[in-house]
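What follows is a single structure, written as structure tokens, with notes after it.
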Amino acid sequence: MMNRDRLKKLAAEERFIPGIYNYCDRWCERCPQTSHCLNFSLSEEEFSDPETKDIRNKAFWNKLSGILGETMELLRESAKEWGVDLETLDSTGDIENLRLKNRAAENHLLCRAAKSYTDMAKDWFEGRETLLLETAAAAREGVSLEEAIEVIRWYQYFISAKVMRAVRGKIDEEEERFDEFPSDSDGSAKIALIAMDRSISAWAVIRHYAGDDDERVMEIIVFLDGLKQAMEKTFPNARSFIRPGFDRVDQNQ
């Protein structure tokens, strides 16, 4: 198991881009920046054994528990260096404040709409996916139905999670007003918007094969496009947010 000294040494390597994993889509298999991601390197190093990669295996949970313990020790050490007492952060008032903010985020229109999209995609695929995959196998040339299914499935729950994080972050930022830092809520909103863009394109491919389901597919596309527009209105600076390692800064601006 990786000890704290090894973890500190790995984190200090210059090849890693700080914060690159905060605004990615977690699709490591398709990411061109894994060599610059500390999270990916930790995962590859710690879960190299096939048994530790299997969520159904006890070795996986033992490994995860060990990493969490080491991480918490590092957090306590860093907090002590910064003069932060972590024990005082868990007061009853703080916990209740967090609960209220979480409830406010969950009840936000955008979060409810994102959850609705998750359910719409889930309902549509139930009973259809086997047939679609069989169709995809027979249609390797031209439009890739198999690819479209994979994209929609990957982002089906991701969108809702990132919309929730963006809304929850916006609540904190409006209260704390950390104007000197890039907005985490904008970063979360941006990756949610990217996921929506890709999902809408994938649904358009599905529509090509939808047949009798064409109307339902169009309903999903229209709904998701409406959610995207609402997100862009609520987070007007999200598209211009610079994600570490993924977006380039325009030097002419």
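With (1) more than 28 Å from P18 (Cα to Cα); (2) in contact with a Cys (Cβ under 9 Å, 6 or more places away or on another chain) as the list, and R243 as the residue in question, which single condition is left unmet?
(1)
Counting only residues that are in contact with a helix residue (DSSP H, G or I) (Cβ under 7 Å, 6 or more places away or on another chain), modelled with pLDDT of 65 or more and of a type in the set (D, E), give me the helices (runs of 4 or more DSSP H) lying completely in segment 74-153 with at least 2 of them.
none
Kindly establish whether G169 is modelled with pLDDT of 85 or more and over 19 Å from the mean Cα position of the chain (by Cα).
Taking the combined requirement at face value, the residue does not satisfy it.
Residue check: is R207 under 19 Å from the mean Cα position of the chain (by Cα), surrounded by 16 or more Cβ atoms within 10 Å (Cβ to Cβ), modelled with pLDDT under 95 and of a type outside the set (G, A, S)?
Against the criterion (under 19 Å from the mean Cα position of the chain (by Cα), surrounded by 16 or more Cβ atoms within 10 Å (Cβ to Cβ), modelled with pLDDT under 95 and of a type outside the set (G, A, S)), R207 does not qualify.
The values are calculated or read from the model by the stated rules, or taken from the named source; none is laboratory data. Keep in mind the model is a prediction, meaning the values are calculated, not measured. Don't worry about glycine lacking a Cβ; one is built from the backbone with ideal geometry, like all the others, and counts go over all protein chains shown.
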